[in-house]
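We did not get these values from a lab; they are worked out from the coordinates using the rules stated. Treat the numbers as computed from the prediction; the structure is a model and nothing was measured. Backbone-built Cβ (ideal geometry, glycine too); neighbour counts: all protein chains shown.
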Amino acid sequence: MKLLQDRIIADGNVKSGNVLKVDNFLNHQMDIELFNEIGKEFKQIFSECSINKILTIEASGIGIACITAQYFNAPVVFAKKAQSINIDGDVYSTKIESFTHKKTYDVIVSKKFLCPEDRVLIIDDFLANGCALAGLIDIVRSAGATVEGIGIVIEKGFQNGGDMIRNMGVRLESLAIIESMDAERGTIEFR
C-alpha cells in the first residue's frame, strides 16, 4: 500500500533494537483518514471471505480494527491483557509475549463473544515475532471458530513472525512489509 509506505518514510522514526516509531499516525496519535484507507484496503483484500467478526488485541490494534469492521459490517472483539471484574463467565485464555514491551501477558476473550459459527478476521498494527498473532489464532481455534485471515498494517519482514504464521497455514496479508531498517542512517526498505 503505497500511501502507507509513503507515510512510514515521511513520519516513521527508526530506533535501535529494530524499533520503528510510528506513534504520530498509527499507535498513539491516530490518523483516521489513513485508517479509513487501511480499512478499505483490508475489505478489498478479504472481500471474498464471509467475515462476521473482527478480532484484535488491546490496545494499538483497536482503532484499526474498528475502522476496518465498518467495511465488513461486523463487530470488533478485542483480547484483553488483564482479567478484570467486569468480565463475567468463562474466558478463552492464552499467553503472549510482546516484542515492544518485552513482557508476557495472559490474554483473554470472553467465551460469549466467540463461537464455532464465527468467521474471524484478525487485525493488528504490527507483526514482529508473531507471538501475539499465534495467541489470537489459539483463542479463535479454542472457540471452534475459523480464522479467515489476518490483516497487518506493518510487518517487519526481517523478523520471523510472518514466516511462522504463514507456516501455520493461515492467510496473512500485510499492507507494508519492511525488509530492513537502519537506525544509524534512519533508512527503511520495503519488500
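Among the listed pairs LYS53/LYS81; LYS21/LYS103; LYS15/LYS53, give every one whose C-alpha distance is greater than 24 Å.
LYS15/LYS53
Can you match Cα extents along the principal axes in Å to one of these, (1) 51, 35, 32; (2) 48, 42, 34; (3) 58, 46, 25, based on a calculation from the structure here?
Identified label for the calculated read-out: (1).
Taking only complete DSSP H runs, can you tell me which helices of the chain stretch 15 Å or more along their own long axis by Cα positions and average at least -0.5 on the Kyte-Doolittle scale?
Correct list, ordered by number: 32-45, 61-72, 131-142.
So if I place +1 on the C-beta of Lys and Arg and -1 on the C-beta of Asp and Glu, and nothing else carries charge, what would the dipole magnitude of the chain be about its Cα centre? I want it in debye, nearest 20.
Using only the charged Cβ atoms, the result is roughly 320 debye.
ASP138 versus PHE190, label points 7 Å from Cα toward the beta carbon: distance in nm?
Distance between the two pseudo-spin positions: 3.3 nm.
Tally Lys and Arg at +1 and Asp and Glu at -1 over the other residues with C-beta under 12 Å from the C-beta of ASN73: what net charge comes out?
+2
Subtracting the Cα-Cα distance from 0.36 nm times the residue separation, let me have the gained length for ILE9 to ASP106 in nm, one decimal.
Stretched out fully, the ILE9 to ASP106 stretch lengthens by 31.5 nm.
Tell me the relative contact order for segment 2-190 as a rounded percent, counting alpha carbon contacts under 8 Å between residues six or more apart.
19 percent.
Tell me, what HN-Hα J-couplings in whole Hz come from the Karplus equation 6.51 cos²θ - 1.76 cosθ + 1.60 at θ = phi - 60° for each residue of segment 144-155, using x for Gly and Pro?
x, 7, 10, 7, 6, x, 10, x, 10, 6, 10, 10
Per residue of the chain, what 222 nm ellipticity follows from adding -39500 (n - 2.57) for every DSSP H run with n ≥ 4, rounded to the nearest 500?
Result for the chain, helices only: -8500 deg cm²/dmol.
In terms of modelled amide H atoms, which long-range or inter-chain residues lie less than 5 Å from the amide H of LYS53?
ARG119, LEU121
Along the charge dipole of segment 1-50, pointing to its positive end and built from +1/-1 on Cβ of Lys, Arg, Asp and Glu, which listed residue (PHE46, ASN36, LEU26) has its Cα farthest out?
Of PHE46, ASN36, LEU26, it is LEU26.
Given labels modelled 7 Å from the Cα in the Cβ direction, how far is it in nm from ALA183 to ASN36?
Each label point lies 7 Å from its Cα, and together they span 3.7 nm.
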